[in-house]
Each structure stands twice: as structure tokens, then as C-alpha cells.
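The values are calculated or read from the model by the stated rules, or taken from the named source; none is laboratory data. Keep in mind the model is a prediction, meaning the values are calculated, not measured. Virtual Cβ from ideal backbone geometry, glycine too; neighbours counted across all protein chains shown.
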Amino acid sequence: MNGSGAQVRGVQQVRDPQDVLVRARGLQVHFPVRSTGLRRRRTGAVRAVDGVDLDVRRGEVLGLVGESGCGKSTLGNALLRLVEPTGGSVEFDGTDVTALDRRALRALRRRAVMVFQDPYASLDPRLTVGQTIAEPLQVHGLHPGAAARAARVAQLLELVGVDPAAASRYPHEFSGGQRQRVGIARALAGEPDFVVCDEAIASLDVSVQAQVLNLLRSLQRRLGLTLLFVSHDLAAVRHLSDRIAVMYLGRVVEVADAAELSRSPQHPYTQALLSAVPLPSPELERARERIVLTGDVPSAARVPSGCRFRTRCRHAFAPCPEVDPALQDVGGGHTAACHLHGVVGLEDPRAVRT
Ligand code: SF4
């Protein structure tokens, strides 16, 4: 990949755990469920995001992983206020995002951006890729004048490994991987601090997924970006992330450094997810225990009482249906929401069976 030195704002190798760029506390996004018929009364709520506490540290890649429908994309959208939270708070660089007026929200839209899953759907087919990338420059009043904008577009295309001469072409003339590179260039046009990548490689061929992952990592380092990488693919999340947050049914249930999470997962859900990631050696693959989760993920409109994972947890015991476990430190900043870590004298959570 080629790129311009003018783009580089400094590589941040040392991340201070206290230097939090995005902070969510008790964040909720509930969607109303209404009855059918004329009166359409509210009958309940889909609790897509249901009391999430999460810190994204400045300059890190935080992976957010969970099964499809667990609320991770809604959470990513709520952090950027692309969907309105129904409760709790989000701070971006110390400012309460939920209280921003239109003008301040527009400034946030420059500093905090989204890379979407489907690059074809997110690019306007009637615009050339040059026009697509130039759009945010115009919206935010950056690089005024046609010549300066064209130069910036060329710089951005080069940055993501696309020939700048392709600026005059249309999205349908590109491969899926190239289109996603264009989507990334557009997202970076306003020199953001925070990028949410929402299943950004899910719609790509396996052969190009690694290339786009490597591009994201390289850009994150070169530009000093803070990245939230949202994916159902734990192998991809592990490859890219400094830390990983695991989400289940609207709630973050475990957060740890990526290596620590792989070595010592503490939540039974994380243990099951990890046991499904293929190992490189066939011998290791044969030897390891595969934890198969039984049952479906419950509906987010009918979240189980107590621990929401209890209907699928092989370790569930007496307190689990009664008490909702909070995220607690299990050592060295590694947090997990499971009662097994609150039981005195219980060293190994897997020792308890029902
Ligand atoms: Fe399983 Fe209980 Fe821990 Fe929930 S709190 S993960 S049900 S052991």
C-alpha cells in the first residue's frame, strides 16, 4: 500500500488505559414492540442494547464480537448516535454525545465515522468514486476548491491502495474488495479520530478479507486511529484487535486484552465461542474440547431473568435465574459478568455443573 506522509498524524504504540476516547455507561437502545391492528398499542420492547458499559481507549483496536442479532451493530451505531439511545450515556472525548445539538452533531460526524458492511449498498451507484469520496469534504468544508478536493481524493485513494486514476469510475466497475477500500477512503476523508467498522469484511470473499483486515490495521497504526471492529468472526477479531469485548443478547459479558482472552476466557459464552474457532494444527483440533451451545439465542424482546445466558449455560447454578451478574474485574483489567467469579473458594468456573 502506498500513502502520503502528510496523512500521518503519529503512531500511538503506548495506550494509556485511562485515556478513554469513547465511554458508554448503562447504554440502552430499546425498540418498541406494538400490537397489530388500528390502535397499535405498545406491548413491550426489543432490548437490542440493554445496559452496556464499555470504554474504547484512544489509539486501540477494540474488537466487539458476538453472534448475529446480539446487538453489536446497534451498539456501534448508538456510540456514533446513528441510532438514538433510549437510556444511559455515551461520551466522546469527554463530551456527552446524547446532548449534542445539530451543529455539534455535525462536528461529531467528522470525527467519528462508520465503515459499513456492504460497500456496494453504501456507495451511491450514480456517483463516481471520486465524487463519493469528495462528498464528506464538501459537507465539512474541507479542502475547498475543485483542484484541492481532487488532490485530496487522489491522496485518499492512494492511501487505501486504489489507483487514483480510478476516481472517475463508478462503483459497479470495482471488485468487492476495491469497493470496500473506496468505502474506507470515504470514511477517512474528514480525518476522523474514531472509526466503527461494522462487519466490514463480512460481505467479501475469504481471499480478500485478510487484505482488508491488514489494510485496516496498517491505517490504524499510521493514522493513530481508534477503531471499533464489530464482527461475528472471532478469528478475524483476534487477528486485528488489541482488546476484545464479547457481547451476548444486548449486554457486554467479557472484556480483556486479545491474547489474555484467548488464553484464559472467563465467561462460559466466550469459552464456547473460542472453542469453535478452528486451530491451525489438526492434532490440536482433534484434542481440544468443543463446547456446543444448546438452544437458540432467546428473543431480545423476552430476555431471561437473572443472567441472560443461563438458558444456554452448562454451568448455570442457583443464583443465575435470580441475579443479573455485573461486569467485575477478574484480574489485571480483565472483566467478566458471571456469578462463578463471585463464589468464594471457587477457582475454576468449569468445576461447577448442574
Ligand atoms: Fe452461566 Fe450463571 Fe455465569 Fe450466567 S452467571 S454465565 S448462567 S454460570
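Things worth noting here:
- Hits in region 258-287 (condition: of a type in the set (D, E, K, R) and buried (at least 16 other Cβ atoms within 10 Å of the Cβ)): 260
- Scanning region 311-320 for residues that are near the ligand (Cβ under 8 Å from one of its atoms) and within 16 Å of residue 249 (Cα to Cα) yields 313, 320.
- Remark: pairs (first residue in region 303-323, more than 21 Å from residue 48 (Cα to Cα); second residue of a type in the set (A, V, I, L, M) and more than 8 Å from the ligand (Cβ to nearest atom); Cβ separation under 9 Å; 6+ apart in sequence or on different chains) = 314/272; 314/291; 314/293; 315/351; 317/343; 319/343.
- Filtered by the rule that a residue be within 16 Å of the ligand (Cβ to nearest atom) and touching a Gly at 6+ places or on another chain (Cβ under 8 Å), region 290-302 gives a lone residue, 297.
- Among (1) in contact (Cβ under 8 Å) with a residue 12 or more places away in the chain; (2) assigned to a helix (DSSP H, G or I) - the single one residue 138 does not satisfy: (1)
- Of all the residues in region 241-289, those that are under 26 Å from residue 225 (Cα atoms), away from the ligand (no atom under 16 Å from the Cβ) and among the acidic types (Asp, Glu) number 3.
- Some residue of region 303-310 being away from the ligand (no atom under 12 Å from the Cβ) and either surrounded by 14 or more Cβ atoms within 10 Å (Cβ to Cβ) or modelled with pLDDT of 95 or more (or both): yes
- For first residues located in region 256-276 and among the β-branched types (Val, Ile, Thr), partners that are outside any helix (DSSP H, G or I) and away from the ligand (no atom under 16 Å from the Cβ) and lie 6+ apart or on another chain with Cβ distances below 6 Å do not occur.
- Among the residues of region 52-74, those that are in a strand (DSSP E or B), over 9 Å from the mean Cα position of the chain (by Cα) and not acidic (Asp, Glu) comprise 52, 54, 56, 57, 61.
- On the stretch given as region 274-306, residues that are in a helix (DSSP H, G or I) and either of a type in the set (Asp, Glu) or closer than 24 Å to residue 28 by Cβ (or both) total 2.
- Scope region 110-127; condition assigned to a loop (DSSP other than H, G, I, E, B), surrounded by fewer than 19 Cβ atoms within 10 Å (Cβ to Cβ) and of a type outside the set (A, V, I, L, M, F, W, C); matching residues: 118, 124, 125, 126
- Every residue from region 321-354 that is closer than 20 Å to residue 291 by Cα, within 11 Å of the ligand (Cβ to nearest atom) and either part of a loop (DSSP other than H, G, I, E, B) or modelled with pLDDT of 95 or more (or both): 336, 337, 338, 339, 352, 353, 354
- Meets criteria (hydroxyl-bearing (Ser, Thr, Tyr) and under 19 Å from the mean Cα position of the chain (by Cα)) for residue 170: no
- Taking the conditions (1) over 17 Å from residue 160 (Cα atoms); (2) out of contact with any strand residue (DSSP E or B) (no Cβ under 8 Å at 6 or more places or on another chain); (3) surrounded by fewer than 17 Cβ atoms within 10 Å (Cβ to Cβ) in turn, residue 248 satisfies each one other than (3).
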